[in-house]
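This report refers to the structure that appears directly beneath it.
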Amino acid sequence: MDRKINRLVLVLSVLAAMLFCAAVFSLCVGSAGIPLKRVFQLFFEGRGSTEYNIVFDIRFPRILLGFAVGGALALAGVILQGVFRNPLVEPYTLGVSGGAALGASLNIVFKLYRSSVLTLPLFGFIGAFFIIIVLYLLNMRKGTIKLQWLLLNGVMISFISSSLIMLIMSLSRAEDMHGIIFWIMGSLDEPNWFIIKVTVVMSIALLAVSYLFCLDLNAFSLGEEEAMHLGVRTEKSKRMLFIAASLLTGLSVAVAGMIGFVGLVVPHFVKMLTGGDHRVLIPASFLSGGIFLIFCDTLARVVIAPMELPVGVITGILGGSFFVYALAKRRSV
Amino acid sequence: MLKVENLICGYEKKAILSDVSFQVDKGEFVGIIGPNGSGKTTLLRALSRIIEPSGGMISLYGKDMRQIHPKLLARSVSVVSQNISPENFTVEEFVSLGRLPYYGAFQFFGTKKDYQAVHAAMELTGVEALGERFLEKMSGGEKQLVFIARALAQEPELILLDEPTAHLDIAHQVNIMDLIRKLNRDFGLTVVMVLHDLNLAGEYCHKLLLVNNGSIHKIGQPREILNYRDIEEVYGTRVVVVENPVSGKPYVVLVPGECREEEQAQGHKKGGGN
């Protein structure tokens, strides 16, 4: 038997246990601290108390969303770093997130969100999807994707959309500007259950799709030509992986705004621990991304409670310093 | 088994290879030689289907290579190219990649047969003991052996190599070439390789393709190709071809510019004396 299976099972069990701990931690702490024992009691008591509402209607949805968004971002990061063979590429590099932010900003300026809360993520997703199509058309000439061009085009589109957002902000009133800034900073505060369910289902579905390409990604890590020598249909894989990563990014930005650093740091960190095999790396990154975001979001809720910090602040500070530390330690070994 | 007919090939619109035709029989050991920029590597890249030919045809066992499914092709043709720099791979993981062409559509892990093929390949190339080492921490010679092991794990009938001895010391050069000769003799593996070193080419290959300016200058046995006329014409430098005292194969000796001038000067003197 392939020894990799044991490795995979081991890594995933450890991560699943960590995920459980992070979720329980997040359920217990907050501006109203609820001891662990009480959380279990509430689980059996059912509806009725304020504590139940706090734990299962406010905290639990956030955990689910944190899991889905964190997982999606980390997964998109792994895929893109694998395809581009470039450790600096992250989900926001390709401009898809810029499209989502642009869509959401337009929605805020035109006050469309007043008709339904659902329009905000919808506009975000439409913006993201528009950019995906533009990128796809720009780079699909002659049926082959030139990765370097795709990367350059993506970075340029990123710049264009952030300039357009700045333009929109400069023309809008102070109140809208605040709305846009807060939206872009990102938050896991999402009261709508439907959106949460869609996000969870879609990110897990895309995880399954991406997993079908894990061996192709392993071959890609030797370079595109080597992958071809190993019988990988590189054009098909590149296309599917690009679409999967873009959808994951678009989805998470549309729902939770631009939560930075998860998609860059988590894949690197997981790679350091488990090695470069995407059969392990893909599910491990998804779980780690989820764990990391749940943990950061919990911190963001409690650090200056009852106020809340933007979760991006925590992911950036925590993720960045953790990463620098890990790099320094690794070099000294 | 491999047949190239009137191949035209190039990047963008510029043709680099024009009207190349040759044939490789099963069990042959073929070397492609030629000056820098002559199209050797382009030819190899066309054979390994990295670049699409713009004219002509490459066929494997009489079947147009473009019609063969990439996975099936990778089961009979494997490629050892230059400049691979894998990171984060152990030797065993890297060699296991050679089994990818045998994986089914929803198969993610190797079977017992894959495991055996990987270990057989590592044993043949003598890297069995290095299984857990990381590739980026290995020397050039060891790495080259590992790359060949990966190609062997594909269980190919034809192996294409791009300068397998580049940047290696003489011991590793001989080691690699002996290994490939052994694979060729003992397992009937057909070998096509690009070589810079004319003497290695003369020593080991059954047949040489001398490429010049994108077309084939001459095809034949080393004895027929490695003579001062053809080499001087194609490479544009003076050489002397002698016989290797040990193997009896042709050996190309370079003539440095200084010696050439001396020779000419002497020639002039002689001419003046007459």
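The values are calculated or read from the model by the stated rules, or taken from the named source; none is laboratory data. Treat the numbers as computed from the prediction; the structure is a model and nothing was measured. Neighbour counts are summed over all protein chains in view; Cβ atoms, including those assigned to glycine, are modelled from backbone coordinates with ideal geometry. Keep in mind that these areas ignore ligands, DNA and RNA; they rest on the heavy atoms of the full protein, side chains included. Shrake-Rupley method; radii C 1.70, N 1.55, O 1.52, S 1.80 Å.
Structure notes:
- The residues in the stretch A:238-273 that are surrounded by fewer than 22 Cβ atoms within 10 Å (Cβ to Cβ) and farther than 15 Å from A:GLN81 by Cβ can be counted, and the count is 5.
- Test result for A:VAL324, at pLDDT below 95 and open to solvent by 30 Å² or more (accessible area, probe 1.4 Å): yes
- Looking across the stretch A:274-305 at every residue that is β-branched (Val, Ile, Thr) and open to solvent by 10 Å² or more (accessible area, probe 1.4 Å), the one that is farthest from the other protein chains (Cβ to nearest Cβ) is identified as A:ILE304.
- With respect to the conditions (1) assigned to a loop (DSSP other than H, G, I, E, B); (2) free of Cβ contacts under 8 Å to residues at least 40 places away in the same chain; (3) open to solvent by less than 70 Å² (accessible area, probe 1.4 Å), B:PRO245 lacks only one, and its number is (3).
- Filter result for A:ARG233 (touching a Phe, Trp or Tyr at 6+ places or on another chain (Cβ under 9 Å) and surrounded by fewer than 22 Cβ atoms within 10 Å (Cβ to Cβ)): no
- Pairs are defined by a Cβ separation below 8 Å, a sequence spacing of at least 6 or placement on different chains, a first member in the stretch A:197-212 that is in contact (Cβ under 8 Å) with a residue 12 or more places away in the chain and under 19 Å from A:ARG233 (Cα atoms), and a second member that is open to solvent by 60 Å² or more (accessible area, probe 1.4 Å) and in a helix (DSSP H, G or I); the pairs so defined are A:VAL209/A:MET240.
- So B:GLY56, is it within 15 Å of B:LEU2 (Cβ to Cβ), out of contact with any Phe, Trp or Tyr (no Cβ under 9 Å at 6 or more places or on another chain) and surrounded by fewer than 19 Cβ atoms within 10 Å (Cβ to Cβ): yes
- Looking only at residues in the stretch B:36-92 that are farther than 23 Å from A:ARG85 by Cα and of a type in the set (Ser, Thr, Tyr), the one that is farthest from the other protein chains (Cβ to nearest Cβ) is B:SER38.
- Exactly one residue out of B:GLU155, B:GLU87, B:GLU163 is touching a strand residue (DSSP E or B) at 6+ places or on another chain (Cβ under 9 Å) and at pLDDT below 90, and it is B:GLU87.
- Where strands (runs of 3 or more DSSP E) sit wholly within the stretch B:142-214, those with at least 2 residues that are surrounded by 22 or more Cβ atoms within 10 Å (Cβ to Cβ) and within 14 Å of another protein chain (Cβ to nearest Cβ) occupy B:158-162.
- The one condition in (1) open to solvent by 10 Å² or more (accessible area, probe 1.4 Å); (2) over 13 Å from the mean Cα position of the chain (by Cα); (3) not aromatic (Phe, Trp, Tyr) that A:LEU42 fails to fulfil: (1)
- Here A:GLY95 fulfils each of the conditions (1) touching a Leu at 6+ places or on another chain (Cβ under 8 Å); (2) of a type outside the set (Val, Ile, Thr); (3) on the phi < 0 side of the Ramachandran plot apart from (3).
- B:GLY98 being touching a strand residue (DSSP E or B) at 6+ places or on another chain (Cβ under 8 Å) and either facing chain A (nearest Cβ under 8 Å) or among the acidic types (Asp, Glu) (or both): yes
- Residue that is open to solvent by less than 10 Å² (accessible area, probe 1.4 Å), under 18 Å from B:GLY248 (Cβ atoms) and either modelled with pLDDT under 95 or among the β-branched types (Val, Ile, Thr) (or both), where the choices are B:ILE231, B:ILE225: B:ILE225
- The single condition from (1) surrounded by fewer than 22 Cβ atoms within 10 Å (Cβ to Cβ); (2) at the interface with chain B (Cβ under 9 Å from one of its Cβ atoms); (3) not aromatic (Phe, Trp, Tyr) that A:VAL209 fails is (2).
- The residues in the stretch B:111-143 that are free of Cβ contacts under 8 Å to residues at least 40 places away in the same chain and either touching a Ser or Thr at 6+ places or on another chain (Cβ under 6 Å) or polar (S, T, N, Q) (or both) can be counted, and the count is 4.
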